[in-house]
Each structure stands twice: as structure tokens, then as C-alpha cells.
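Below is one structure; the comments refer to it alone.
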Amino acid sequence: MAVEVLMPKLGMTMEQGKLVSWSKSEKDTVQKGEIICIIETDKVTFEVESPGTGILLILMEPAENILVGTLMGYIAENQAEYDQLKQGKRPGGAAQPEVAPQPEKSAACWLDNAGPAVPSETGKLRASPASRALAKKLGVALASCQGTGPKGRITTGDVQKAASAPVAGAPVKTPEKVEATPGARKLAKDKGISLTQVHGTGPNGTVTRRDVIEAMKGASPGMPAAVLPPDFKGKRLLKEESMSTIRNTISCRMMESLECSAQMTAFGEWDITGIKQLRKLINEEAKKEGYKVSFPGLMVFFLSRVLKEMPVFNASVSGKNIQYWADVNIGVAVSVGETLVVPVVHGAERKSLKEIQITLDNLIERARNKKLLPDDMGGGTFTLSNVGSYGSQWETVILNPPEVALLGIGAMEKKPVVRNDEIVIREMMPISLTFDHRIIDGATAGEFRNRMKRIVENPELIISYF
């Protein structure tokens, strides 16, 4: 019996994905577990394994916005079954349904093709669970949403559009009354964009600079693309290409980070001579158990304990409130090709050094093999970035929203330093701590750096954490 190849659901919140490419060709013989295609979400690039052994029949070409569970192909058991499927019949002889066309994620699609929400055969409006939850949160009636999914299905984007639509009888907002950041106002004025036509994604619907940029591209809900004259000022364009889904997500989150927080970066340098010696001793025992402690692994262990002592660094800002998280979930930035992913060690404060290292090794291996799931990168409360892995020393590392702090560790090197009035050679590591100045003062950040410095430079203190 043929096996279906479906758009997989990689995380609790995933509704759709992008089929980037097929790794195998039509009619190729594939083995179960062999990579057959690559898909992409807003968080990960994932290699999909064949669910069975047989002959590949491709039903869908690479495309964006493919709903979870959509049939993309079959693995036929034999040639006869392949021929049957190729003729449009399901396994067993029934007629094969056409693959539902996927909605284009653009303003034009919503304006031209959207219609009122269509009830299902049971009379219930078609809407995903995530859409229903968002509608309840925003106070939007599902019946007022324009369904853009297959058969009028309501997506989260439809709910957001309905939430931003003007209400009959409500006072008309002028650009001056729209909540917007200074950068957004200046850009909108320079480009002739009315802020009343831009969907705000910042806190409490505040329009950010990124929202104006998206509106200029025609990506803002319900707004046509702004017509801008080509102006290259003497530069010759080599090529222009669309961002990948992941790169676009990174772009948006970095802009969101800078627009919606008051970031400050403080720098320092820690003597790691002693901790390197301790790591050597730990690894002499660890190798007997089949693992090796890395320096990032040690840093995650130390950070998880200090973050419990100083919870304001393990928090988020929500409007006028500070949310303190019970769990310490530390993300570790990992470079994969041309992108950056941040897998998360969840519940690090409850894990031993060994458990942290094994978890971290597993996450890094899966990241490099494109096997990370979105849930592996969700729920972070603090981030560690090893900028020294590519030779850098100090960087103004950008916060990973909604987190309020991030520690960057730079390239280690031997330096002459003064100890007890004598010049000695010590191994030094530069550090960069970026924090949200809205809730963390400079003195508090200094206390955090000093607490970490004391532990790193006095490794005997590690005993108090076991």
C-alpha cells in the first residue's frame, strides 16, 4: 500500500510550511528514512525523511504557505501502484482528490480573493485552533473574519486583519493619533505612507519602523504596495532575490528587538585560566562516561544558577508589567550555514553539568543536520552567544525578544596581566552583556557581571552548585 507524504507538523503552533525543494526526483526509488525533501518554517529548515520504501510520486512543486497535513506526494510500493496513482487514483483504486491550492501570503490575495468565512457541513466556521485562540484573545468574532484558507478556512492572519480593521462608528484616527515609534513616523513621512494604513505589531499595536517597511513592500494587511521610483544613485544592480523564510524571520525579529527595547551593552574581561584547568580535570572523568564538557556547556551551567539568584535577568516585559519566569531556559546561538539558530536548553537550573552538556550536544548536532524542531527553539528566557567561535572578541550583541538579557563570549587569548603587583600571563576571555535598560539598571548589570566573573575566576566555587 502506498504511503502518503504530508506537510509535517513540527511544532505546537505550526500551521503551514514552505516546500523548499525535493531531494529526490520523480519516480526515484527511495528507502524509508532517506531524505526526500526540505521544508522551511519561520524558525527552522528541516529535512523530511521518507515514510516508506518505494517509488516517489511528486504531487506538489516547491511552494510557500502549504498547510500542515497537505498531501505533497506518495511513496508507491511498486510500479503498478505508481502507475495507478499517476493516473489520479488513490491507493485502493478510488479517485484521487486534487491538491488544494495554497493561499498566497500577500495583501493582493487577501483583497482580491478573500470572502466571508464559510461554515463547514456541520454549520461551524472553519478555523484553525490557533486562529480561534487568537480571536478570543483579541475579542474578534470569527464571523467577521475574511477566510483566505482553502474553502474559506480562517487563519491567524485573517484574525489579525479583522482586529486591525476600522470599527463602524469609531472615531477616525489621524496619523498624529496613531501610536508609533519616532523612527516609524520619520520613515512614513519620508516615504509618503499614512500611518493610519499601517498595521502595528509593537506593544499595544504600536507601529514600528519594520511595520512601515512591510507596508512599503505591500506586505501590511489590506494595504497595496507603495509605488517607489527606482533610484540606485549610480549603482548597478547585480541581482535581487527574496529572503528565505528563516532569514525574513531573523530580519523582522532583529528590527523588533531594537524598536521595542532600550538596549545597552556592557563589556568586560574574565580570567579563565583556572576554569580551563578545572574543565580538563572534569573531562578526564567525563570521557569514561562518553561525553566531553565544552566551555559553552560550563557557561550554561553557571548562568543557570546565577539567573535563579538574579531573576530580573530571567524575565520579559509585557506592557507595564515584568514577567519573571519560573524556568531557566537558556538558548545557545549556533551558526548553521548562512543562518543563525538558537536551540534552547530547557529547565537548565534543574540539570546537572552532565545533563546540560549532553542536551547541548544533541541540540547542536540536530541543528547542523537540519533536524531541529520549532519547539527546540521556543520558550527561551536568556541567550548565550559564542561570538569567539568566529574569532570575534567584543560585539554589541542584540537581544532575542522577548528576553531582556544576552551574554556574548569572545575569543580567548593569553595576555599579560597584573596579579599581586607582578606581570603574569593569563588566559583571558572578553564578554559582552546586552540588557534591556527598561528594567535592568547599569548597577544591576554590573552586579550580574561581577557575580559571573567571581565564579569563573574562582572555579572552586563550583562545588557550592553541586
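Here are the numbers for the structure shown:
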| read-out | value |
| --- | --- |
| Table column - 3J(HN,Hα) (Hz), region 372-382, Karplus curve with 6.51, -1.76, 1.60, x for Gly and Pro | 5, 9, x, 5, 5, 10, x, x, x, 10, 7 |
| Contact order normalised by residue count of region 350-466, Cα under 8 Å, 6+ apart, percent | 18 |
| Fewest-first ranking of TYR324, TYR74, TYR291, using other Cβ atoms within 10 Å as the exposure measure | TYR324, TYR291, TYR74 |
| When each of LYS287/LYS351; LYS43/LYS161; LYS9/LYS239; LYS18/LYS351; LYS18/LYS191; LYS292/LYS414 is checked by Cα-Cα distance, pairs over 25 Å | LYS9/LYS239; LYS18/LYS351; LYS18/LYS191 |
| In Hz, Karplus ³J(HN,Hα) per residue of region 71-76 (6.51, -1.76, 1.60; θ = phi - 60°; x = Gly, Pro) | 6, 9, x, 9, 10, 6 |
| GLN31-ARG451 pseudo-label distance in nm [points 7 Å out on the Cα-to-Cβ vector] | 5.2 |
| Amide H contacts under 5 Å for GLY408, placed H, 5+ residues apart | SER385, SER432, LEU433, THR434 |
| Vicinal HN-Hα couplings computed from phi for region 363-369 (Karplus, 6.51 cos²θ - 1.76 cosθ + 1.60; Hz; Gly/Pro x) | 5, 5, 4, 5, 5, 6, 9 |
| Residues with amide H under 5 Å from that of SER294, placed H, sequence gap 5 or more | none |
| Inter-label distance for TYR291 and SER318, nm, one decimal - labels placed 7 Å from Cα along Cα-to-Cβ | 3.2 |
| Relative exposure of ARG451, ARG153, ARG210, judged by other C-beta atoms within 10 Å (fewest first) | ARG451, ARG153, ARG210 |
| ALA80 versus GLU460: modelled label distance in nm, points set 7 Å from Cα along the beta carbon direction | 8.0 |
| Relative exposure of THR383, THR206, judged by other C-beta atoms within 10 Å (fewest first) | THR206, THR383 |
| Cut-off under 5 Å, modelled amide H: who pairs with VAL336 long-range | VAL341 |
| Low-density loop cleavage sites - GluC sites (Glu not before Pro) in region 235-337, where at most 16 other Cβ are within 10 Å (DSSP) | GLU240, GLU241 |
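FYI, it's all coordinate maths here, none of it is from the lab. All values reported here derive from a predicted model rather than from experimental measurement. Methodologically, a virtual Cβ is constructed for each residue, glycine included, from the backbone with ideal geometry; neighbour enumeration extends over all protein chains shown.
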